1. Within the set of pairs 6+ apart or on separate chains, which have a first residue in region 66-77 that is outside any helix (DSSP H, G or I), a second that is not small (G, A, S), and C-beta atoms under 6 Å apart?
2. I'd like the full set of residues that are farther than 16 Å from L28 by Cβ and buried (at least 24 other Cβ atoms within 10 Å of the Cβ), limited to region 119-137.
3. For region 365-385, name all the residues that are touching a residue at least 24 places away in the same chain (Cβ under 8 Å) and in a helix (DSSP H, G or I).
4. What are the residue pairs meeting all of these: first residue in region 12-26, first residue in contact (Cβ under 8 Å) with a residue 40 or more places away in the chain and within 12 Å of I131 (Cβ to Cβ), second residue β-branched (V, I, T) and not in a helix (DSSP H, G or I), Cβ atoms under 6 Å, and 6 or more apart or on different chains?
5. Among the residues of region 389-414, count how many are in a helix (DSSP H, G or I) and surrounded by fewer than 20 Cβ atoms within 10 Å (Cβ to Cβ).
6. Suppose the filter is more than 22 Å from A155 (Cβ to Cβ), assigned to a helix (DSSP H, G or I), of a type in the set (G, A, S) and in contact with a Phe, Trp or Tyr (Cβ under 9 Å, 6 or more places away or on another chain); does A58 pass it?
7. If you go through region 96-113 one residue at a time, do you hit one that is modelled with pLDDT under 85 and of a type in the set (F, W, Y)?
8. Would you list the helices (runs of 4 or more DSSP H) that sit entirely within region 247-357 and hold 3 or more residues that are surrounded by fewer than 24 Cβ atoms within 10 Å (Cβ to Cβ) and either in contact (Cβ under 8 Å) with a residue 40 or more places away in the chain or of a type in the set (S, T, N, Q) (or both)?
Amino acid sequence: MFSWFRSLNPSESRAFYACFGGWAIDALDTQIYSFLIPVLIASWHMTRGQAGLLGTSALISSALGGWIAGMLCDRLGRVLVMKLAIAWFVVFTIMCGFANSYEQLLVARVLSGIGFGGEWAAGAVLIGEIIRPEFRGKAVGTVQSAYSVGYAAAAIMSSILFSLLPPEHAWRAMFWLGVVPAVFVFIALRKVKDPEIFLAAKRARAEKGAAHVNPLMIFHPSVLKITILTALLALGVQAGGYALTLWLPTFLKTVRGFTPVMVGYHMFAFTVGSFIGFLVAAHLSDALGRRLIFLLFAIGNGIMIPAFLYLPIGNEALFVADAALGFVSFGIYSALGPYFTELFPSAVRASGQGFSYNFGRGIGAFFPAIVGLLSSTGGLLSLRDALAIAGTGGYVFVLIAIAFLPETRGRDLGAAPDLVPEAGTSAAMRESTS
C-alpha cells in the first residue's frame, strides 16, 4: 500500500514530512476548540450562538488568510509563506490560552485563523507541485490524513488534561501545548526548496515580460469557470464537515450524556476512522479518478450522518459508528488538494487554490454558527436536527461542482499550459517585470 512512498526522492520526502506536520498542527489547533465548548459555556455563561460564533470567526479569518497566502505564494514562493503562516498562528494560538473573556478569545481566534488558513494554502500547492503525477493523489491525500493525527492528538490531550487539571486550567493548557509540534515543522522545512515546476514556469513568464501575474487573473474569463466550480466544491466538502466536527463533542456530552473523558475516547475513534478514510480515498483517487471519489463520499455522508444521529445505537456499538462517520466525513478531503493543483495554471495556481478552498472554508464557517443559533434555548430545532440539516446539506454543492468539472488524474503539471497574459490583456489584469 505504501510502496510508492519508498520511491519518493529526497526533495519529495522532505516536502511530504513538512506538509504532513504543518497540516497536523492546523487540525490540532482547529479541533482543540471543539473540546472546549462545554467548558467555556459553563465558565463564561456563553450561549450556543456565541460558542458557534467563536468557531465560525476563526474559520472566516482563515479563509482570508488562505487567500492572502495563496497570492503571496505565487509572488514570494511556497516555502517562505508556509513558514510565515505557521509562525503567525503559533503566536496567536498561545494568546488564546491567555484570554480572560469571550471578547478576548474572539479576537485571538480570529487572528490565529489567518495563520492556519495560510498554512493550508501554502502547503497544498507545495506538495501538489513537488510530487510526480503518478503519486500525487496518494501523497497529497496521505498528507491530508495529518488532519486525523491532529484531531486524535486533540482528543488525547483533552482526555488527559481534563482528568489531571481543573477545567479552568485544562482549557488554557490545551492551547499552549497545541503549538509545541510547530518546532518540528520548522526543522523539517529548513531543507525544503520551492518546486522546480513553479520556478521554471516563473522563469518562462519572465522571458515573456510577465514574471508576475496579477492574482485577480483567477477571475479572468479563461479561468473563471474553474474558480467558481472549485469554490463550490470546497464549500460542499467543508460546510457540513465543520458543523459536524465542531459540535460533535457537545452532542456526545449533552445528548448522549457522556463525560468529557468518554467524549475524548469517542472522538479518538472518530479520528481513527477519518485517518483510514483519508488513506483509502487517497489511493482510490489515483486508481479511480478525483470526480468519482467526490461522488462516492458525498453519497456516503448523506447516508451515514442521519444514521449516526438518529439510529438507536448502543454505547459500545457507537465506537464503530464513530469510526464510520469519520471515514466518510474526512475521506472526501483527500482528493481536494491534488484536484485543485491539477486544475489551475501555474501562474495563479496558489492564488486559485487559496481562494477556492478558503471560499469554501469561509462560507462553510457559518454552518457551525447556524447550528448553534438554531439549537440555542428557544431555537427552532434540537441540536440533533440542526446537525442533521447542516451536516448533509453541503454535499449538494459537491454534486453540482463535479458535474461540470473535468477529470485530471495523472495530469503532468510541467506539460500543462500556463497562464501568460497576452498583449491585449488589460493593465488591471497584468503586471510586467518592471
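The values are calculated or read from the model by the stated rules, or taken from the named source; none is laboratory data. Source: prediction; values computed, not measured. All Cβ positions, glycine included, derive from the backbone under ideal geometry; neighbour counts span all protein chains shown.
1. Taking only residues 6 or more apart or on different chains, the pairs are G77/D194.
2. From region 119-137, those farther than 16 Å from L28 by Cβ are 121-122, 124-137; that's our starting set.
Hits for region 119-137 are A121, A122, A124, V125, L126, I127, G128, I130, I131, R136, G137.
3. Matches in region 365-385: F366, F367, P368, A369, I370, V371, G372, L373, L383, R384.
4. From region 12-26, the pairs are E12/I131; R14/V192; A15/V192.
5. Within region 389-414, the first condition is being in a helix (DSSP H, G or I), and the residues that meet it are 389-393, 395-404.
So of that shortlist, the ones also surrounded by fewer than 20 Cβ atoms within 10 Å (Cβ to Cβ) come out as 389, 393, 396, 399-400, 403-404.
Residues in region 389-414 being in a helix (DSSP H, G or I) and surrounded by fewer than 20 Cβ atoms within 10 Å (Cβ to Cβ): 7 in total.
6. On the way: more than 22 Å from A155 (Cβ to Cβ): no; assigned to a helix (DSSP H, G or I): yes; of a type in the set (G, A, S): yes; in contact with a Phe, Trp or Tyr (Cβ under 9 Å, 6 or more places away or on another chain): yes.
Criteria not met by A58.
7. Here is the first cut: in region 96-113, the residues modelled with pLDDT under 85 are none.
No, region 96-113 contains no residue that is modelled with pLDDT under 85 and of a type in the set (F, W, Y).
8. Working: elements: 260-288, 290-310, 317-331, 336-343.
Correct list: 260-288, 290-310, 317-331.
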